[in-house]
Amino acid sequence: MTKPLSLAVLALAWAAAPLGAQSLLYRGPNMGGTWVPDGGVVQFNFLHRFYVTPGPSHTVINYPSFTLAAGVGHRIGFGGRFATKSLVGTGAGAQSSNETEVFVRWRAIGMEGKEGFSVAVTPAYNLLAKSVDGEVGVDWNRGRVTLEAAGRAVSRELGAPGARQVALAGGFVARLTRYIAVSGDLGSFVAPVDGRAAWSVALDLLIPGSPHTFSLQASNASSATMQGASRGLTTFGTGSNFILYGFEFTIPLHLKRFSPWFHGSPKPAVTGNAAPSATGPVAAEVRVGAYHFTTDSIVVSAGQAVRWVNGDPVEHTVTFDSGEPGSPLISPNGTWAHRFDRPGRYAYHCTPHPFMTGAVIVR
C-alpha cells in the first residue's frame with residue numbers, strides 16, 4: 001500500500017462517526033450475535049458471497065443472502081433470512097436451493113457494544129429443511145475485543161432429512177480502531193453427516209457519517225442461517241477447499257424518519273433562543289454538524305441548562321438513554337434547551353441517527 005493511500009485510510013477511520021448498534025464491528029461474519037433491533041427499527045443486511053471456478057473459464061457464481069428484522073420493544077425482535085442459492089440445500093433430499101429461515105430473538109442480558117456479557121435466545125424455523133431450529137448466543141465485550149459463543153440445535157439437518165443435530169460455534173472481533181476491525185469464527189455440527197466445519201474471516205468497517213457498516217469476507221459457508229453457518233462446504237463434492245469471497249452491508253431504518261409521509265411534518269423544536277425563565281440559565285451549548293455532536297461531553301452544575309443547535313440540513317433529536325425527557329425533532333437551524341436538576345451523567349443519542357452520541361455531566 002502506498003504512503004498516500006495509507007494516510008487516506010487512516011484519515012477515513014479517525015474521521016468516522018461514533019460507533020452505533022447492530023454493527024459488524026461486534027460480531028463475526030457467520031455469527032448471529034446477540035443484537036436485537038430497538039422498537040421502531042427495521043434492519044436490512046445484504047450478504048453477497050461468490051465463488052470463482054478454476055481456470056480456464058474462471059466463472060463467477062453468486063450466492064446472495066438477505067436478512068430483514070424488526071424490533072418490537074422489550075428486547076424482542078423478529079425477522080427472516082433468505083438465501084437465493086444456498087449450497088446447504090443441494091444435498092440428498094433437498095427440494096430447492098432457496099433457503100428461508102424465520103426467527104424471533106430475545107436478548108435476556110446485556111446490550112451490544114456494552115462492556116460485559118450479553119445473552120440472546122433465538123428460536124427459528126427453516127422452511128427448506130422443515131426444521132425447528134434454535135440458538136443460544138453469548139457475547140463478551142472488553143475494550144476493543146469481543147468474544148462470541150453459540151450453541152445451536154436443529155430438528156432436521158438440510159440434506160439429511162430426519163437427522164437431529166447440535167452445533168457449536170465461536171468467534172472473535174478485534175477492533176483496531178473504533179472504526180476498523182478484524183473478525184473470524186468457526187462453527188460445526190457435532191456429528192456432521194456431510195461437509196466440514198464452517199469458518200469465516202473479515203475486515204470490518206464503519207462508513208463515516210452514517211449508521212452503516214461494511215465488511216469484506218472470506219468463508220466456506222454460503223448462507224447465514226443457523227444451519228448454513230454450521231456446515232462448511234467442499235467444492236461441488238470433490239473434497240477440495242471451497243472458498244467464497246464477498247461482502248456484507250448493514251442498513252438500519254428508523255421508522256420515525258418516515259412519519260411525515262403519513263402524519264405530516266412534526267412540530268419543530270424551538271427555533272430561537274430558549275427563554276432562561278423556562279429552562280434555567282443556559283450554561284453550555286452543543287452544536288450539531290456533519291452528523292455528530294461537536295462536543296462529546298460537557299459539564300454543568302445542577303439547575304443549569306444546555307442548548308443544542310442543529311446546523312445540519314436534516315432533523316435530529318436529543319434522546320437520553322436514561323429515560324430523561326428528550327427533545328422532539330429539532331429542525332435545521334433550530335435549537336432546543338434542557339435544564340438538569342439532579343447530579344449525574346446523562347448519555348444521549350440522536351434517534352434517527354443512533355451513531356450520534358454525547359453526554360452531559362451534572363455536578
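The values are calculated or read from the model by the stated rules, or taken from the named source; none is laboratory data. Just so it is clear, the structure is predicted and the values come from calculations on it, not from any experiment. Here the Cβ positions follow ideal geometry from the backbone for every residue, glycine too, while neighbour counts run over all protein chains shown.
Descriptive notes on the structure:
- Residue that is modelled with the lowest pLDDT, among those in region 86-109 that are of a type in the set (S, T, Y) and not in a strand (DSSP E or B): T90
- Residue identified as at pLDDT 90 or above and basic (K, R) among R175, R231: R175
- Condition check for R345: surrounded by 15 or more Cβ atoms within 10 Å (Cβ to Cβ), among the basic types (K, R), at pLDDT 90 or above and on the phi < 0 side of the Ramachandran plot: no
- Within region 31-85, the set of residues being in a strand (DSSP E or B) and either among the β-branched types (V, I, T) or outside the structural domain of S223 (by TED's automatic domain parsing) (or both) comprises V41, V42, V52, V60, I61, T67, V72, I76.
Yes or no, residue by residue, for (1) at pLDDT below 90; (2) in contact with a Leu (Cβ under 8 Å, 6 or more places away or on another chain); (3) buried (at least 16 other Cβ atoms within 10 Å of the Cβ):
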position: A269; (1), (2), (3): yes, yes, yes
position: H292; (1), (2), (3): yes, no, yes
position: A302; (1), (2), (3): no, no, no
position: N310; (1), (2), (3): no, no, yes
position: E315; (1), (2), (3): yes, yes, yes
position: D321; (1), (2), (3): yes, no, no
position: P325; (1), (2), (3): yes, no, no
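- Among the residues listed as G110, G184, the single one being at positive phi, in contact with a strand residue (DSSP E or B) (Cβ under 8 Å, 6 or more places away or on another chain) and in the same structural domain as G77 (by TED's automatic domain parsing): G110
- Single residue of region 128-173 satisfying the filter (under 22 Å from T84 (Cα atoms) and assigned to a strand (DSSP E or B)) that is farthest from the chain's Cα centre (by Cα): A160
- Among the numbered conditions (1) under 15 Å from the mean Cα position of the chain (by Cα); (2) of a type in the set (F, W, Y); (3) closer than 20 Å to R49 by Cβ, the only one that Y179 does not meet is (3).
- Number of the exception - E248 against (1) out of contact with any helix residue (DSSP H, G or I) (no Cβ under 7 Å at 6 or more places or on another chain); (2) at pLDDT 60 or above; (3) under 26 Å from D38 (Cβ atoms): (1)
- Region 123-138 - residue that is buried (at least 23 other Cβ atoms within 10 Å of the Cβ) and at pLDDT 95 or above and, of those, nearest to F66 (Cα to Cα): A124
- For region 301-315, the criterion of being among the β-branched types (V, I, T) and in contact (Cβ under 8 Å) with a residue 60 or more places away in the chain is met by no residue.
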